[in-house]
Amino acid sequence: MTERFDPAGLSQDWPAPFNPSPIVTFGAGSIVGDAHFPAYRKAGFPVAGLYDPDREKAEKLAAEWGVTAYASAEEAAAVPGAVFDLATPPNVHASVLRLLPDGAAVLIQKPMGSDLAAATEILTICREKNLKAAVNFQLRFAPMMLALKDAIAKGWLGEVVDFDAWLALATPWQLWPFLKGLPRIEIAMHSIHYLDLIRQLLGDPAGVHAKSIGHPNHDVAQTRTSAILDYGSKVRCALSINHDHDFGRRHQACEFRICGTEGAAYLQLGVNLDYPRGEPDILEIRPRGSEEWIAVPLKGAWFPDAFVGRMANLQRFAAGEDAELVSSVEDAWNTMALVEAAYQSSAAPATQLQKRP
């Protein structure tokens, strides 16, 4: 009897921790109010409080969510039995990690430092302090991505041989004022999610060809990227990213197309369209043996549900309930190495055309 594809049977969530620990967050930026705290409340994870050097901003967000605003980073780091949630700029991660108690569980906002050297410093700190540390590559935990991974694992696409990421949209970079003046933006702060997900699905590439540039209408360092990841002669992997397609919604896009030898998948990443309100996520699969595209009924969205799964895995790992810490600092360093290679490629000269004789 031929196996029947059941879209509703694909795994879309991560098991909850049996007894979640209180969460202490460092940072009070928009991502905390838009994603971290909504996710933790939805999951029933207790939040003890937060710290931000901008006292006014910290107290305002703490009041909105009914949590404590700590007076200092040291006070926040001293909360007993806490799981620490670093929603901090990349150049701050190392200093906060040094404050945490040895052996603590901690989630580090991506990127893992400003560059690969900083990521190596963070990795060293985590090893020396024996921290149970993961990087917040939460796209891996989005319901649509968990379902996609499950479908691939069950063979519904065959062997994956093609991955396309296509973004043409308008991103409100002004929501993250700490980005102003940073030399690395688009790949390090945004496309890093896609590079990390690709690593999970396809493994590490042999190399990367990339070009990342800005736009004459603003002073953000880079907002447009083209990249090709080298997986040899069998797998094609390409990303076309344009955050400056600010001409109305009609022809904007934020989507992946993933093709295998026997089936294919289409995904829309809805949160990036009209961020942070977003649009629905979409996952459609044409499974092995079918002539039709089948919509997968999703149980949630990247924002905030992926943040639930990301924190659940860390909490469960810290409690001994999960054997694997997904996106541990050991694995996340490899994503940072891919980011570093992409920037090196972007800075290198292209192959020159020959002159006409």
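Centre-to-centre separation between the Cα atoms of segment 337-356 and those of segment 181-224: 14 Å. The mean accessible area for residues of the chain, using a 1.4 Å probe and ignoring ligands and nucleic acids, is 46 Å² per residue. The aspartates and glutamates within cross-link reach of Lys42, meaning a Cα-to-Cα straight distance under 14 Å and a gap of 8 or more places when in the same chain, are Asp13, Asp34, Asp305. Can you pull the percent of segment 272-357's accessible area that's carbon plus sulfur, 1.4 Å probe, other chains left in place? The computed percentage sits at 51. Ordering Ala28, Asn217, Gln109 by Cα displacement along the dipole of the chain toward the positive end leaves Asn217 in first place; charges were set at the Cβ atoms of Lys, Arg (+1) and Asp, Glu (-1). With both residues required to sit in the chain, DSSP beta bridges show an antiparallel share near 60%.
Which order do Ser226, Ser72 take by accessible area at a 1.4 Å probe, largest first? Don't jump to the answer; show the numbers that get you there.
Working: Ser226 70, Ser72 35 Å².
So, going from the largest accessible area down, we get Ser226, Ser72.
Cα convex hull of the chain: mean projected area in nm², to one decimal?
20.9
Near Val161, the amide H atoms lying under 5 Å from its own belong to Cys259, Gly260, Thr261; only residues 5 or more places off or on other chains count, and H is placed 1.01 Å from N. Helical content alone sets the calculated 222 nm signal of the chain at -8000 deg cm²/dmol, taking -39,500 (n - 2.57) per DSSP H segment of four or more residues and averaging over every residue.
Of the residues Phe45, Val208, Pro349, the one whose Cα sits farthest towards the positive end of the charge dipole of the chain is Pro349 (charges of +1 on Lys and Arg Cβ, -1 on Asp and Glu Cβ, taken about the Cα centre). When the Cα positions of Phe137, Ala238, Ala119 are compared along the charge dipole of the chain, Ala238 comes out farthest toward the positive end, with charges on each C-beta of Lys, Arg, Asp and Glu.
Taking 0.692 mPa s as the viscosity and 37 °C as the temperature, the Stokes-Einstein diffusion coefficient of segment 72-168 based on its alpha-carbon Kirkwood radius rounds to 210 µm²/s.
Ignoring ligands, DNA and RNA, please state the percent of accessible area on segment 1-106 from carbon and sulfur, probe 1.4 Å. Show your work: numbers first, answer last.
Working: 2720 of 5070 Å².
For segment 1-106, the apolar C and S fraction of the accessible surface comes to 54 percent.
Measure out, as a whole number of angstrom, how far apart the alpha-carbon centroids of segment 258-335 and segment 123-151 sit. Value for the Cα centre distance between the two parts: 12 Å. Using every pair of alpha-carbon atoms in segment 1-150, split the distances into 10 Å bins beginning at 0 and state the percent of pairs per bin, rounded to integers. Going from the shortest bin to the longest, the percentages are 11, 37, 33, 13, 5, 2, 0. Springs join every pair of Cα atoms under 10 Å in this Gaussian network model of the chain, and among Gly320, Gly270, Gly158 the largest mean-square fluctuation is at Gly320. Its relative contact order, with pairs defined as Cα atoms under 8 Å and 6+ residues apart, puts the chain at 22 percent.
Here each label is just a point 7 Å from Cα along the line to Cβ, and for Lys60 and Arg4 those points are 5.4 nm apart.
Within the accessible area of segment 129-267, what % is carbon and sulfur when the probe is 1.4 Å and the other protein chains stay in place?
On the way: 3060 of 5760 Å².
C and S atoms contribute 53 percent here.
Scaled against the 2.2 N^0.38 Å expected of a compact globular protein of N residues, the Cα radius of gyration of segment 267-356 reads 1.65. Given Lys57/Lys110; Lys110/Lys132; Lys57/Lys129, which pairs have Cα atoms separated by over 19 Å? Beyond 19 Å between Cα atoms: Lys57/Lys110; Lys57/Lys129. Around the amide H of Ala253, modelled in the peptide plane, lie the amide H atoms of Ala168, Leu169, all under 5 Å away and 5 or more residues distant in sequence or on another chain.
The values are calculated or read from the model by the stated rules, or taken from the named source; none is laboratory data. No experiment lies behind these values; they were computed from the predicted model shown. Note: ideal-geometry Cβ built from the backbone for every residue, glycine included; neighbour counts use all protein chains shown. The protein model used for the area step is the full one, side chains on, heavy atoms only, and it has no ligands, DNA or RNA in it. Shrake-Rupley method; radii C 1.70, N 1.55, O 1.52, S 1.80 Å.
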